[in-house]
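A quick write-up on the structure given underneath.
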Amino acid sequence: MANTPSNMLPLGTKAPSFNLLDTVSDNLLSLQNLKGKQGTVIMFICNHCPFVLHVNNQLVKIAHDYSKKGISFIAISSNDAVNYPQDGPEKMTIQAKNEQYPFPYLYDESQDVAKAYDAACTPDIYLFDADLKLNYRGQLDDSRPGNGIPVTGDDLRHALDCLIENKENTQLQKPSIGCNIKWKTPS
């Protein structure tokens, strides 16, 4: 289990566009079609990472709580499915259904989207405002597999509340920690 930190993209960065396969609906979905009225959470996750498995239930709860408030949630897996077949689109469909994801689970086969977002680990979480400018990036909360701290989603929830209430988020934004994205080996 690697402890890879996220890269902390500069706040204010405009969300890079994408058009990716949703592994549940089997449709191509774009950021423009998926973005929320108040904001958009983009999460780089995967099926097998123990860090993601540790927070999956809370990600689903937060999506349920905040989608009613105009926030859209998008999950993306960018892992190399050739060397990590458990992270391929077919298994992503099963994972999304088993976890009852209330958000699309998109497959970034080329890994171009992960590179555009400077994503480094799973989970890697980004919150963009209504204009798709980066408002928060980093961890869900301080919980990690085995550290005994309950998974609350406090850091992301705080950032979402600040965005919705149009308040400045003065809380320290800590990098997420997780498994590194499984990059393809150049041929």
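Observations on the model:
- Qualifying position, being touching a Phe, Trp or Tyr at 6+ places or on another chain (Cβ under 7 Å) and either under 25 Å from Ala114 (Cα atoms) or among the polar types (S, T, N, Q) (or both), among Asn180, Asn147, Asn135, Asn166: Asn135
- Of the residues in segment 129-147, at least one is within 18 Å of Leu20 (Cα to Cα) and either out of contact with any His (no Cβ under 6 Å at 6 or more places or on another chain) or acidic (Asp, Glu) (or both).
- Elements of type strands (runs of 3 or more DSSP E) contained in segment 1-86, each with 3 or more residues being crowded, with 19+ Cβ neighbours inside 10 Å: 39-44, 71-77
- With respect to the stated conditions, Ser176 is within 18 Å of His48 (Cβ to Cβ) and either free of Cβ contacts under 8 Å to residues at least 24 places away in the same chain or among the small types (Gly, Ala, Ser) (or both).
Bear in mind these aren't lab numbers, they're just calculated from the coordinates by the rules spelled out. Just so you know, these numbers come straight off a predicted model, no measurement behind them. Positions of Cβ are generated from backbone atoms using ideal geometry, with glycine treated the same way; all protein chains shown enter the neighbour counts.
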